[in-house]
Amino acid sequence: TEVTSCAPSRNSDGWIQLLTLIAQANPRGPIRVVTDNLSTHTSGKVRRWLAHHRRIQQVFIPKKACWLNMAEGWWRLLRRAAFAGQTFVDTDEITRAVDLATAQLNARARPWVWGRPAAPTRTLRRQFVYCL
């Protein structure tokens, strides 16, 4: 399942709020959050928060390798489900649209498969055996 959080800006407080929601959604075991190299992900406030929450670790994707971030596919689905063809009056409507789209996408979620699926194998109708 995915966890989303709407914040007024991309700052350390919003990132800590999202990390808190992720920790609450996954109460047991270690958590590794794959992130980009945004400065709010490495601020002193975030590092202090992570020092108190040892089971959450940030894993940074290499610079100029955004295609490794599997969350990009999720964002494409979320934007299409929540924002396509919509006009919003205020931020509360945006939050409701994101929450509704997240619930709908989580209801039909399946594990991500990275890469192309294997080609289907041909089933032979007859098997010929040559005798010499």
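The values are calculated or read from the model by the stated rules, or taken from the named source; none is laboratory data. Note that the coordinates shown come from a computational prediction; the quantities given were computed from them, not determined experimentally. Note that we place each Cβ from the backbone using ideal geometry, even for glycine, and neighbour counts take in every protein chain shown. Note: accessible area is taken over every heavy atom of the protein model, side chains too, but ligands, DNA and RNA are not part of it. Shrake-Rupley method; radii C 1.70, N 1.55, O 1.52, S 1.80 Å.
On a per residue basis, the chain carries 83 Å² of accessible surface, using protein heavy atoms and a 1.4 Å probe.
Is the shape of the range 40-132 best called rounded, prolate or oblate, per the rule: a/c under 1.5 gives rounded, else a/b larger than b/c gives prolate, else oblate, with a ≥ b ≥ c the square roots of the Cα gyration tensor eigenvalues? The shape class here is oblate. Using a Gaussian network for the chain with springs between C-alpha atoms less than 10 Å apart, which of these wobbles most: Arg116, Arg80, Arg96? Among Arg116, Arg80, Arg96, the largest GNM mean-square fluctuation belongs to Arg116.
At R0 = 22 Å, how high is the FRET efficiency between Ser43 and Lys63 if r is their beta carbon distance? Nearest 0.05 is fine. For Ser43 and Lys63, the calculated efficiency is 0.80. Scalar couplings 3J(HN,Hα) for the range 55-61, obtained by applying the Karplus form with A = 6.51, B = -1.76, C = 1.60 to θ = phi - 60°, are 6, 9, 10, 9, 10, 8, 6 Hz; x denotes Gly and Pro. Just the number, please: carbon plus sulfur as a percent of the accessible area of the range 68-132, 1.4 Å probe, no ligands or DNA/RNA counted. That fraction is 56 percent. Under a model in which nothing but the beta-carbon of Lys, Arg (+1) and Asp, Glu (-1) is charged, the range 47-108 shows a dipole of about 540 debye around its Cα centre.
Which of rounded, prolate, oblate describes the range 1-87, given a ≥ b ≥ c as roots of the alpha-carbon gyration tensor eigenvalues and a/c under 1.5 marking rounded, otherwise prolate only if a/b is larger than b/c? Since a/c reaches 1.5 and a/b is larger than b/c, the shape of the range 1-87 is classed as prolate.
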